[in-house]
Amino acid sequence: MRIDRIKLVTELTKRDMTQSRLSELSGVSRATINFIKNGKSCSASTVDKIAKALNVPVEQLIDLEES
């Protein structure tokens, strides 16, 4: 599964949130968040954790072209 990089950056910017803070809130390592931000895919559970930390539906983050 792949998170759309632009959608992720947009959500982080809206919340004035750093990757480190997202890591703390989601329980996902900062390295994994960095990989995702650079276009790498991740597990569905990782997407779920990030979506919950950002308080958005999973569908709002995923890359629809890959799904």
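The values are calculated or read from the model by the stated rules, or taken from the named source; none is laboratory data. Keep in mind the model is a prediction, meaning the values are calculated, not measured. FYI the Cβ positions are ideal-geometry reconstructions off the backbone, even for glycines, and counts take in every protein chain you see. For the accessible areas, the whole protein counts, side chains as well, though only heavy atoms, and no ligand, DNA or RNA atoms are used. Shrake-Rupley method; radii C 1.70, N 1.55, O 1.52, S 1.80 Å.
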> What net charge is computed for the residues neighbouring Ala31, neighbours being all others with C-beta under 11 Å from the C-beta of Ala31, Lys and Arg scored +1, Asp and Glu -1?
Replying inline: +3
> Using a simple charge model, +1 on the beta-carbon of Lys and Arg, -1 on the beta-carbon of Asp and Glu, nothing else, what dipole does the chain show about its Cα centre, in debye to the nearest 20?
Replying inline: 260
> Once the chain is represented by equal point scatterers at the alpha-carbon sites, with solvent omitted, what log10 I(q)/I(0) does the Debye formula produce at q = 0.13, 0.22, 0.28 Å⁻¹?
Replying inline: -0.27, -0.84, -1.50
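Taking 0.36 nm per intervening residue step and subtracting the Cα-Cα distance, what contour gain separates Lys7 from Ser43 on full extension?
On the way: separation 36, 0.36 × 36 = 12.96 nm, distance 1.72 nm.
Here the answer is 11.2 nm.
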> Averaged per residue, what accessible surface does the chain expose to a 1.4 Å probe, in Å²?
Replying inline: 62
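Within the accessible area of the chain, what % is carbon and sulfur when the probe is 1.4 Å and the other protein chains stay in place?
On the way: 1990 of 4130 Å².
About 48 percent, which is the carbon plus sulfur part of the accessible surface.
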> Looking only at region 30-59, which residues have a backbone nitrogen under 16 Å from a spot 7 Å from the Cα of Thr18 in the C-beta direction?
Replying inline: 30-34
